[in-house]
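Structure record follows, encoded as structure tokens.
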Amino acid sequence: PNDVPQKETTRPTYNNEKNEQNKKLYMPDSEEIRLSEFLLSEIRKRKPDYKQPNLQSWAKHIGHILHIDNRNPDKLKDVIVWCQKDQFWQNNILSPQKLRLHFDRLELQMERSKPEQADEEEFYEWIK
């Protein structure tokens, strides 16, 4: 008969328990969840029926913005407010992933728009 040893085939196993342990759960009062909810509330000011996202997933990406990219939470909140009022960016930033991807550009454009407002105020003060 056949004395050739059969090659044992193995399939990868997925240890769901281990994968679940690797997922970080954010508490409802965490900065990541609060900023995720803030972004969602800013979006819903314009589109009240915006679909409910997975806030844990959003919090993970907000966490990357804060801890990996080392962004200041107050600056992040300012950028969220600004981008959700900007005619172009408000429809392009509908998730923390897009916010992270374009953060530097958003921040630069936000900062660039401030001096124009200050110059206008100075002008009106000057003509009084």
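Near the amide H of His102, within less than 5 Å, lie no amide hydrogens of residues on another chain or at least 5 residues away, with H placed in the peptide plane. Measuring r between the beta carbons of Lys85 and Lys51 and using R0 = 30 Å, the FRET efficiency lands at 0.90.
Derived scalar couplings between HN and Hα for region 33-48 equal 5, 4, 5, 5, 5, 5, 4, 4, 5, 5, 5, 6, 5, 9, 9, x Hz in order, rounded to whole Hz, by the Karplus curve 6.51 cos²θ - 1.76 cosθ + 1.60 (θ = phi - 60°), x for Gly and Pro.
Here, each number is a calculation from the coordinates, and none is a lab measurement. Quick caveat, the model's predicted, so the values are computed rather than measured. FYI the Cβ positions are ideal-geometry reconstructions off the backbone, even for glycines, and counts take in every protein chain you see.
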